[in-house]
1. Can you say what percent of the DSSP beta bridges in the chain, counting only those with both residues inside, are antiparallel? Round to 5.
2. For a paramagnetic label modelled at 7 Å from the Cα of Arg29 toward its Cβ, which residues of segment 55-83 fall within the zone defined by backbone nitrogen distances under 11 Å?
3. Mind listing which GluC sites (Glu not before Pro) in segment 1-47 are in a DSSP loop and have 14 or fewer other Cβ atoms within 10 Å?
4. If you take all C-alpha pairs in segment 116-198, what percent of them are over 17 Å apart?
5. What do you get for the angle between helix 110-123 and the principal long axis of the chain? Use alpha-carbon atoms, 0 to 90 degrees, nearest ten.
6. Give a residue-ordered list of calculated ³J(HN,Hα) values for segment 26-37 (Karplus: 6.51 cos²θ - 1.76 cosθ + 1.60, θ = phi - 60°; whole Hz; x for Gly, Pro).
7. Please report the equivalent ellipsoid semi-axes of segment 155-230, computed as sqrt(5 x eigenvalue) of the Cα gyration tensor, largest first, in whole Å.
8. Stretched out fully, how many nm does the piece from Thr17 to Arg134 gain, at 0.36 nm a residue minus the Cα gap?
Amino acid sequence: EAMIRLTGVGKTYDDGTVAVHELDLEIGRGELVVLVGPSGCGKSTTLKMINRLIEPTTGTIEINGEDVTTQDPVKLRRGIGYVIQQVGLFPHQKITANVMTVPLLYGESKATARERANHLLELVGLDPATYGDRYPHQLSGGQRQRVGVARALAADPPVLLMDEPFGAVDPVVRVRLQDEFLRLQRELGKTVVLVTHDIDEAVRMGDRVAIFATGGRLAQFATPAALLAH
Ligand code: ADP
Ligand code: ADP
């Protein structure tokens, strides 16, 4: 059963740029789908249409069988974690406080929010006793990305959208973060849509890989095994 379904989705920006064209995509519950392709082929635009940061020009997007345009945007985004390349942590807040903001926003008590933040930091491999009281600038790039993932998971959303989440770290750290995330994903069973321009990352991580071509068209959508067989 599809968790996310795009039907005939297109996006033409105000200046006439066709970013996405007639896109059909069905993503199953608990599936990790990678959108891959050259820069400018419409991957980020697609991701932003799923969480309604951008409105499609044509077509429909459903999450859990419900048209996203009929859903309250605040409620919709609560069900969707969003991780971007340059995770924007609050620089003057300690790491634990950064992760606590989301549960606090949703009305949890301070004690519950703290407990939840500590649990999430452990999940992403950051010992809260060691790192919780540090500030973002006192962490490495890889560690900051992990905090970003922890914060995206804070509302326990069924869907995670990730735009080049490992793009800003060096290659060795990147592979480690990919592996760690895959392990976490197997444990949590989230539905994940991950954008990258790195085909190795796509093949390594995707249950299925959607290859975009220039002009926002879908060239292929298949399992890594099927793609490599061709
Ligand atoms: P990708 O994520 O694959 O790099 P994007 O979705 O960011 O691609 O962009 C797709 C196309 O849309 C590109 O040609 C880009 O220049 C264009 N584009 C992106 N955002 C805007 C915008 N706000 N206004 C006009 N064109 C845009
Ligand atoms: P990662 O592999 O997670 O990216 P690094 O190899 O970059 O980590 O960093 C190694 C260690 O150095 C980490 O434990 C991190 O906490 C520490 N570190 C990195 N940058 C800073 C900094 N600006 N201030 C204090 N400690 C730092």
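Computed from the coordinates by the stated procedures, all read-outs in this text should not be read as laboratory data. Given the structure is predicted, the values throughout are model-derived calculations rather than measurements. Neighbour counts run over all protein chains shown; Cβ positions are idealised from the backbone, glycine included.
1. 50 percent
2. 64-65
3. When the GluC sites (Glu not before Pro) of segment 1-47 are filtered for loop state and at most 14 Cβ neighbours within 10 Å, Glu1 remain.
4. Details: 1539 of 3403 pairs.
So the portion of pairs separated by more than 17 Å is 45 percent.
5. Rounded to the nearest ten degrees, it is 60.
6. Result, ordered by residue: 10, 10, x, 4, x, 8, 10, 10, 9, 9, 10, x Hz.
7. Numbers: eigenvalues 86, 48, 37 Å².
Three semi-axes, in Å: 21, 15, 14.
8. On the way: separation 117, 0.36 × 117 = 42.12 nm, distance 4.33 nm.
Once the chain is fully extended between Thr17 and Arg134, it gains 37.8 nm.
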